[in-house]
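This report concerns only the one structure given below.
The values are calculated or read from the model by the stated rules, or taken from the named source; none is laboratory data. What you see is a predicted model; the values in this text were computed from it and never measured. Heads up, the Cβs are rebuilt from the backbone with ideal geometry, glycines too, and the neighbour counts pull from every protein chain shown. Ligands, DNA and RNA are excluded from the accessible area calculation, which covers all protein heavy atoms including side chains. Shrake-Rupley method; radii C 1.70, N 1.55, O 1.52, S 1.80 Å.
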Amino acid sequence: MDSSLLFGIALAAYGLSGLLYLFKRPGPGRLIMIIGLIAQTTGLSIRAVKAGHAPFTNLYESMLFFSWSMVVVGLYVERRHRTKIAGPIVIPMAFLATGYALALSPQSKGITPLMPALQSHWLEIHVVTCFLAYAAFALAFGAGIIYLVKERNQKAKKKNLTLLDELSYKTIALGVIFLTLGIITGAIWANYAWGSYWSWDPKETWALITWLIYMIYLHLRLRANFSGRRSAWLSVIGFAAVLVTYLGVNLLLSGLHSYA
Amino acid sequence: MDRIKKFFSSTRLAVVLLVILALISIVGTIIIQNGSQEVYVDKYGPGLFYFFKLFSLTDLYHSWWFLGILALLSINLGLCSLNRLPSLLRLFAQPKKGVEDQYILGLPLQNKAVYSVNMDRAFTLLEEKLGEKNYRLLLTGRQPADVSIFAEKGRLGRLGPYITHLSILLILLGGMIGGLLGFKEYVEIDEGDTVSIPHAGLGLRLEDFALEYYPDSKMPKDYKSALVVINGGKEVLRKTIEVNHPLIYKGIWIYQSSYGLGRVETLTINVAKSDTMPGQDFRAKTGETFSIPGTDLKVKVARFVPDFVMAGSEVYSRSQEPDNPAAQLEVYEKDKLKLTRWVFYKFPDYHQNQEIDRQFKLSGFEALHYSGLLIVKDPGVAVVWTGCGLLVAGLMATFFISHRRLWAILRKTGEKKTLILIGGRTNKDRLRFEEEFSRITDHFSGGSHG
């Protein structure tokens, strides 16, 4: 079975799941989302076996891995924090990311072998931790957006806003830990491959900037009067930094990291 | 003085510094760092370039003001940690006192009920359940009819932020040590050559360089250098390095960084009288001249580029790969320059000349590769890694370990009747604490409820 067929199934599943959530059928929505995840996991595995390397070495692969991570993190957060809202938050983003990947040109989807710099086990560890961080921040971003939209609505219940705010906080805490691991494993790898654990390369710098923004978020929340609305805005700004780190750097700037 | 101290150790200053750090770092990704003068003048003009240089914006991450901000942040972290130290120590050292009923009833979570068990049994049940949940139990008061208990777990969670802050100080310290005491040099060695490792009094010889491409592709699959480290004339280490697998000797790391076609090339120039005859092969290095026997002609190999490309009237090499090898020949007749011509390995029929009755072709070339090595010594690395490990540990302790405390009073109210007053608080994850608390209080009402 071709991996792209499985990714197509995942895309359809995520779309259907989103609709089910929209029409207030969370049970089936969640189930279809999980089916999509299984399809995508299988697809990524097939691709990895065929390519002989981990499935995140170009934009096509990394975008699919990103959408996969978002669903995984969404399901994990739902389970750990006993909530049902993480799934519906990640599903539209997972759908968009998967769709974007599949809409790329056929040349972008080709399997290319790894250049010497990428032939290392650190590739898996570093990239996976970074993407789990991106996924967590995406979830917090989604919660932040919904918070801001709901807050404008006079009928919004305070309880729901508080739930969204707390979900954002816990997800960002998780994201910060993954991002820290991602930056550190990146530094360890850079030390082995490039002679220096930190060279202020644009990608490294933007990962640090992202980390700093979420550190600011965590410290501002220690203050009693830091409102939910400001927190939500900060989670949006943070995700903007994530997008620059993940995509902006590769597409707009040059440096050691220009692989994807 | 107090106000100043308070300011320098405040969270507000920390947040301000983090924001400044983030904004400055962004600038450093927009303005190219450590580029050549031409690049800046080209893109920004000489005026702006002068402005950049004035404020070290071309190498801002090493500028005195950037380092100054890091120093300020370190002071902030250090002072903040010092401030927290007393309360942290109290957490671990102070003996716990018994409490009054009102205290327990005033806690965020509390429960009061009478159970049909005698006091000893109640105590045992409580001890059992708390032990199961990994609480550390302390008897804080014991009277014939009254027992008070203090239980807690997860104190490490309170240490979390402290460890995190110290770890960042360690990382900054490690970076500083590396910057002051370390070095980084890039060298290119031809096969067979020896270079000296700076600041170390060591020699490094490249015995062999191997390059492997992916089949049917121009993409390099692997490249390795077989190196020998020489200390005082003696070979002390032999190792083949490749990207991701450096050589380590006495704290010096040698990395396979890049490679290229070396500067020593032996070319094979084919000289034929006409297109139909096979012609004669001559071997020469760049800069060498050879004579064509039976004529007054001499040919000098003026220049060789592995990947010929022209920009305007300038010829240069687009890459180090032999994608378009070309040699520039100067043909002298009776020692006078008659003809200058480029000959191409891939296009032997291109540009055949009419001036001299000989046709020239570049029919072969041998170039040694040079290996691009990075030689680095960084004494601060171990400190940085320690800091990193502690950073992760500190963050995990902060977010995943909640500090929970329980106070309980057991009071005999009758024959086989005990009043249990229990209450608790947590610093995070209230939901799970509530669940745990219910499970504890449910434990005694397993039997009957008085």
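Miscellaneous remarks
- The listed residue being assigned to a helix (DSSP H, G or I) and farther than 22 Å from residue B:382 by Cα, out of A:240, A:187: A:240
- Residue that is least open to solvent (accessible area, probe 1.4 Å), among those in segment B:1-50 that are aliphatic (A, V, I, L, M) and not in a helix (DSSP H, G or I): B:31
- Within segment B:139-165, the set of residues being surrounded by fewer than 18 Cβ atoms within 10 Å (Cβ to Cβ) and aliphatic (A, V, I, L, M) comprises B:139, B:145, B:156.
- Criterion applied to A:179, A:208 was being under 21 Å from residue B:389 (Cβ atoms), part of a helix (DSSP H, G or I) and facing chain B (nearest Cβ under 8 Å), and the one residue passing it is A:208.
- Single match in A:21, A:60 (criterion: open to solvent by 20 Å² or more (accessible area, probe 1.4 Å) and under 20 Å from residue A:138 (Cβ atoms)): A:21
- Residue within segment A:155-175 that is open to solvent by less than 10 Å² (accessible area, probe 1.4 Å), at the interface with another protein chain (Cβ under 8 Å from one of its Cβ atoms), in contact with a Phe, Trp or Tyr (Cβ under 7 Å, 6 or more places away or on another chain) and modelled with pLDDT of 90 or more present: yes
- Here residue B:94 fulfils each of the conditions (1) closer than 29 Å to residue B:401 by Cβ; (2) polar (S, T, N, Q); (3) surrounded by 13 or more Cβ atoms within 10 Å (Cβ to Cβ) apart from (3).
- Residues of segment B:110-132 satisfying the condition of being of a type in the set (Lys, Arg) and surrounded by fewer than 16 Cβ atoms within 10 Å (Cβ to Cβ): B:112, B:121
- Strands (runs of 3 or more DSSP E) wholly inside segment B:170-272 that include at least 2 residues being under 18 Å from residue B:375 (Cβ atoms) and free of Cβ contacts under 8 Å to residues at least 12 places away in the same chain: B:194-197
- Any hit, segment A:26-45, residues being basic (Lys, Arg) and surrounded by fewer than 17 Cβ atoms within 10 Å (Cβ to Cβ): no
- Flag if residue A:102 is touching a residue at least 60 places away in the same chain (Cβ under 8 Å), among the aliphatic types (A, V, I, L, M), open to solvent by 10 Å² or more (accessible area, probe 1.4 Å) and more than 14 Å from chain B (Cβ to nearest Cβ): yes
- Taking residues in segment B:80-91 that are among the basic types (Lys, Arg), and partners anywhere that are surrounded by 13 or more Cβ atoms within 10 Å (Cβ to Cβ), the pairs with Cβ atoms closer than 9 Å and at least 6 places apart or on different chains are B:84/B:161; B:84/B:162; B:84/B:165.
- Positions within segment A:195-205 being facing chain B (nearest Cβ under 7 Å) and out of contact with any helix residue (DSSP H, G or I) (no Cβ under 7 Å at 6 or more places or on another chain), in sequence order: A:195
- Taken as a whole, the structure leaves residue B:40 outside the set of residues that are more than 10 Å from every other protein chain (Cβ to nearest Cβ), more than 31 Å from the chain's Cα centre (by Cα) and not basic (Lys, Arg).
- Wholly enclosed strands (runs of 3 or more DSSP E) of segment B:352-446 bearing at least 3 residues open to solvent by 50 Å² or more (accessible area, probe 1.4 Å) and at pLDDT 85 or above: B:404-414
- Residues (among the acidic types (Asp, Glu) and under 26 Å from residue B:397 (Cβ atoms)) located in segment B:157-204: none
- Count of segment A:81-129 residues, restricted to those that are modelled with pLDDT of 90 or more and not in a loop (DSSP other than H, G, I, E, B), is 22.
- Selection within segment A:211-240: residues that are more than 7 Å from chain B (Cβ to nearest Cβ) and over 24 Å from the mean Cα position of the chain (by Cα). The member of this set that is modelled with the lowest pLDDT is A:224.
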